[in-house]
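Colleague: Dropping the structure in here first, questions after.
Values quoted throughout were computed directly from the atomic coordinates according to the rules given, and no laboratory measurement underlies them. Quick caveat, the model's predicted, so the values are computed rather than measured. Neighbour counts are summed over all protein chains in view; Cβ atoms, including those assigned to glycine, are modelled from backbone coordinates with ideal geometry.
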Amino acid sequence: MSEVHQAITAHLQKQHSILKQFAELEQERERYIEEAVMLCQNGKPFTVENINAVTKKMNELAKQGVVPTRKYVTAEMVKEYVERITK
């Protein structure tokens with residue numbers, strides 16, 4: 001019975017670790033999105049490279065089945081979003 005308990009505990013710890021990593025990456029991704037939106041609103045050049053680098057890490061975690069995937073962001077998506085919120 002002890003082996004089953006240890007296996008369950010290890011599994012839950014792994015899932016918790018994945019969820020924690022995902023949450024941290026989500027915050028980082030949102031920060032980069034906000035930065036790109038702000039730059040775009042101010043007519044300054046921006047890139048989505050950092051957003052998508054984090055997205056890639058999140059999607060790698062998602063392959064383990066615990067967390068959802070995230071869409072990659074294009075510069076056009078940022079521009080369209082800025083247009084929507086400034087109307």
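Colleague: For Thr55, which of the numbered conditions (1) free of Cβ contacts under 8 Å to residues at least 12 places away in the same chain; (2) surrounded by 15 or more Cβ atoms within 10 Å (Cβ to Cβ) fails to hold?
Modeller: Answer for Thr55: the failing condition is (1).
Colleague: For the range 1-21, which positions are of a type in the set (A, V, I, L, M, F, W, C), in a helix (DSSP H, G or I) and exposed (fewer than 11 other Cβ atoms within 10 Å of the Cβ)? Steps first, please.
Modeller: In the first step, residues of the range 1-21 are kept if they are of a type in the set (A, V, I, L, M, F, W, C); the result is 1, 4, 7-8, 10, 12, 18-19.
Narrowing the set further to residues that are in a helix (DSSP H, G or I) leaves 4, 7-8, 10, 12, 18-19.
Once the filter is applied, which keeps residues that are of a type in the set (A, V, I, L, M, F, W, C), in a helix (DSSP H, G or I) and exposed (fewer than 11 other Cβ atoms within 10 Å of the Cβ), the range 1-21 yields Val4, Ala7, Ile8, Ala10, Leu12.
Colleague: Say whether the condition of being more than 18 Å from the chain's Cα centre (by Cα) and not small (Gly, Ala, Ser) is met by at least one residue in the range 63-76.
Modeller: Looking only at the range 63-76, we keep the residues that are more than 18 Å from the chain's Cα centre (by Cα), and these are 76.
Next, only the ones that are not small (Gly, Ala, Ser) stay: 76.
Yes, the range 63-76 contains a residue that is more than 18 Å from the chain's Cα centre (by Cα) and not small (Gly, Ala, Ser).
Colleague: Looking only at residues in the range 63-72 that are surrounded by fewer than 19 Cβ atoms within 10 Å (Cβ to Cβ) and in contact (Cβ under 8 Å) with a residue 12 or more places away in the chain, which one is farthest from His16 (Cα to Cα)? Full working, then the answer.
Modeller: Our first condition is that a residue be surrounded by fewer than 19 Cβ atoms within 10 Å (Cβ to Cβ); within the range 63-72, this holds for 63-66, 68-69, 71-72.
Now drop any that are not in contact (Cβ under 8 Å) with a residue 12 or more places away in the chain, which leaves 64, 66, 71-72.
Details: Gln64: 12, Val66: 9, Lys71: 23, Tyr72: 25 Å.
Among those that are surrounded by fewer than 19 Cβ atoms within 10 Å (Cβ to Cβ) and in contact (Cβ under 8 Å) with a residue 12 or more places away in the chain, it is Tyr72.
Colleague: Against the definition (loosely packed, with under 12 Cβ neighbours inside 10 Å and under 22 Å from Ile85 (Cα atoms)), how does Pro45 come out, yes or no? Step through it out loud before you land on a result.
Modeller: Values: loosely packed, with under 12 Cβ neighbours inside 10 Å: yes; under 22 Å from Ile85 (Cα atoms): yes.
Judged against the criteria, Pro45 is a match.
Colleague: Next question. Just to be sure before I move on: is Glu24 exposed (fewer than 10 other Cβ atoms within 10 Å of the Cβ) and assigned to a helix (DSSP H, G or I) in the structure I sent?
Modeller: Numbers: exposed (fewer than 10 other Cβ atoms within 10 Å of the Cβ): no; assigned to a helix (DSSP H, G or I): yes.
No, not satisfied.
Colleague: Name, by its number, the condition in (1) small (Gly, Ala, Ser); (2) surrounded by 14 or more Cβ atoms within 10 Å (Cβ to Cβ); (3) over 18 Å from Val73 (Cβ atoms) that does not hold for Ala36.
Modeller: So the condition that Ala36 fails would be (3).
Colleague: Restricting attention to the range 27-57, which residues are of a type in the set (Gly, Ala, Ser), assigned to a helix (DSSP H, G or I) and out of contact with any helix residue (DSSP H, G or I) (no Cβ under 8 Å at 6 or more places or on another chain)? So that I can check it myself, show each step before the final result.
Modeller: Initial filter on the range 27-57 (of a type in the set (Gly, Ala, Ser)): 36, 43, 53.
Still in the list and also assigned to a helix (DSSP H, G or I): 36, 53.
Within the range 27-57, just Ala53 meets the criteria.
Colleague: Among residues belonging to the range 48-60 that are hydrophobic (A, V, I, L, M, F, W, C) and farther than 23 Å from Thr86 by Cβ, point out the one that is farthest from the chain's Cα centre (by Cα).
Modeller: Going residue by residue through the range 48-60, those that are hydrophobic (A, V, I, L, M, F, W, C) are 48, 51, 53-54, 58.
When the remaining residues are screened for being farther than 23 Å from Thr86 by Cβ, the result is 53-54, 58.
Working: Ala53: 9, Val54: 6, Met58: 5 Å.
Looking at residues that are hydrophobic (A, V, I, L, M, F, W, C) and farther than 23 Å from Thr86 by Cβ, I get Ala53.
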